[in-house]
Every structure is written in structure tokens, then in C-alpha cells.
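See structure below.
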Amino acid sequence: MSDPCIICVAITGSLPKKANNPAVPISVEEQVESTHEAFEAGASIVHAHVRNDDESPSSDPEKFARLKEGIEKHCPGMIIQFSTGGRSGAGQTRGGMLPLAPDMASLSVGSNNFPTRVYENPPDLVDWLAGEMRKQEIKPEIEAFDLSHIFQAKRMFDDGRIAATPYVQFVMGVKNAMPADGDVFDYYIYTVKRLFGPDAPWCAAGIGANQIIVNEWSVARGGHARTGLEDNVRLDRDALAPSNAALVRKVVEICDRYERPVATWHQARQILGLRGVT
């Protein structure tokens, strides 16, 4: 298999703290440094959250602006994807950073259960976030926690709420949501290809110990892979991950085993139809 594999690194998230793993980057400066290391290791997309000084999640556009500036300076060409997830804010504050016009932003198109709460994505908010992304020419990454979310993305694509073929990410292993199940994974792939065409790109994320399992499924089946300390703070069952770059290197090793080249940022932008392809 010779198709390049895009590696996305989710550097921080909203939950992991220094107490869970000292390598989790919290400040903007730490995030830029961690992203740069992951970029050099092979990541071409950075999925970014920001935090307050007390490590609590934030949706502060000023922090996102400083993070974007730092990544653009130190990782030229890397695809910047902002999170609009619900742990860092409520309502339209979740999209307060979208006027900064990152290359991509996450978009959860439906609600589901999380370990201790309902992850609420009401239709009016989903439509508003999608509208802001269209306005700023930001490509959404559809976070599919459930099969129904893939079908909802298709409806939004058909009626113009999503401007181009969606990039769907399967999220598996969240407690109370979709487990990491190989048969379901294969059906997700079948569904994306049936709804969006055989060449539609897709990716997947596994949470916790499922990360490396889902990484291998993705690489083996021709998709793209997400890794990083947001989803998993361990290198293996015996050791914490020393960095985001270390987790990226594990995906690079899988790509080598399956004879898939790691996508450069040029290739990743071309595959996803993003601006900045040279």
C-alpha cells in the first residue's frame, strides 16, 4: 500500500493534566514546543485546545491566536486544527476562535454520552459552528462518536451546511460511547465510502489503551491516524509517554510496517483539499 498516511497529533485536550503525565503541554509555549517536536517526528496536523494557568480548559481566542502564531512560525506548512469541543466552553463560546481562520476545526454533529456527562451538541449550535466554518473557509473534521453522526454529516453536506466532502474521524473507546470494535470500524469505513465516495479520506482516534490498536487499524485499512497526549498519556502499559513526538513515532513505525509513506504537510493539504498546496 503506497498511499500516504496523514498523522494528526492531539497535543493537549481538555482533560489530561501534569499530574497524569508531566509531558502534557499546558502553556502556549509548551504547546508550540511539543507541536514542533511532533511535526519533526512526522505529524502534519495538530489538533489544538488551550488551557488556563490552572490547567482548566479554556476557549480564550487570545490564547488560540498566540498558539496559531507560534505553530505557523515554528512548523511552517503544518495544518492547524482548532477544537470546538464542549469541555472548554458553552454555546457559541465554543467557536469564538474561528475568526482566526485555522485550516481546520473539529465539528461534532450530534450528542452522545461521555464517562460522567452528556456531550451536548444541539442542532442549532452545530449549524452555527458549521456556518462559521463556511464563512472563514475552514474545513471541518467530523468527530463521529456514533454511526448516526456520519449520516448527519452526509445530510449537512447534501444541503450545503458543509461546503466540501467531509473529513470524518471515527472516535472509539470513550466510555459509554462507541467501543473500539473491529467490525464496527470496518462498517464505519464502508459507510463513509458508500455515502461520500470510494476516495473520501477518513481517519480514526482511539482513546487510552485503544490508541495504538486503532492506529494500526487505520494504517492497515488505508485511512489516516490520530495520536497524542489528549487521547492517551502512556507509551505502553509500563511507561508514560515522554512526549507527543514519541506517540507520533509509534504511528510512523506502523506506517513503515505496512509500507505506507508518512504524508508530508504538502501531501496532507492536497489530500484534504486545503489551501497552501505548493
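Quick note: the coordinates plus some simple rules give every number you see, no bench work behind them. In this text, all values refer to a predicted model and were calculated from it rather than measured experimentally. No Cβ is skipped: glycine too gets one built from the backbone with ideal geometry, and neighbour counts run over all protein chains shown.
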TODO: Under 16 Å Cα to Cα from Lys73, which aspartates and glutamates show up? Leave out anything in the same chain fewer than 8 places away.
DONE: Glu29, Glu30, Glu33, Glu37, Glu40, Asp103
TODO: May I have the extent of the alpha carbons of the chain along their three principal axes, as whole Å values ordered from largest to smallest?
DONE: 44, 44, 42
Task: DSSP bridge pairs, the chain: antiparallel proportion in percent, nearest 5 - done: 20
Task: Euclidean distance of C-alpha centroids, region 110-150 and region 13-46, integer Å - done: 24
- [ ] First check a/c for region 10-81, with a ≥ b ≥ c the square roots of the eigenvalues of its C-alpha gyration tensor; if it is under 1.5, answer rounded, and if not, answer prolate when a/b is larger than b/c or oblate otherwise.
- [x] oblate
Task: Listed peptides 261-267, 183-189 by packing density, highest first (mean Cβ within 10 Å) - done: 261-267, 183-189
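Which net charge results for the neighbourhood of Thr12, defined as the other residues with beta-carbon distances under 13 angstrom from its beta-carbon, given Lys and Arg at +1 and Asp and Glu at -1? Intermediate values should be presented prior to the final figure.
Numbers: positive: Lys17, Lys18, Arg51, Lys63, Arg87; negative: Glu29, Glu30, Glu33, Glu55, Glu230, Asp231.
Taking every Cβ under 13 Å from that of Thr12, the sum is -1.
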Task: Computed helical MRE - 222 nm, the chain, DSSP H runs ≥ 4 contributing -39500 (n - 2.57), nearest 500 - done: -11500 deg cm²/dmol
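Here are some pairs, Lys135/Lys175; Lys175/Lys250; Lys17/Lys193; Lys68/Lys250; Lys17/Lys68; Lys18/Lys250; which of them have Cα atoms lying more than 31 Å apart in this structure? Could you put the intermediate results ahead of the total?
Details: Lys135/Lys175 34 Å; Lys175/Lys250 24 Å; Lys17/Lys193 37 Å; Lys68/Lys250 26 Å; Lys17/Lys68 21 Å; Lys18/Lys250 22 Å.
Table pairs above 31 Å Cα-Cα are Lys135/Lys175; Lys17/Lys193.
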TODO: Show the residues, 5+ positions off or on another chain, whose built amide H is closer than 5 Å to the amide H of Cys203.
DONE: Val168, Gln169, Phe170, His224
Open item on the list: Going by Cα centres, region 163-182 and region 229-262 are how many Å apart?
Closed with: 19
Open item on the list: I'd like to compare 54-67, 160-173: which one has the highest average count of other Cβ atoms within 10 Å, and what's the full order after that?
Closed with: 160-173, 54-67
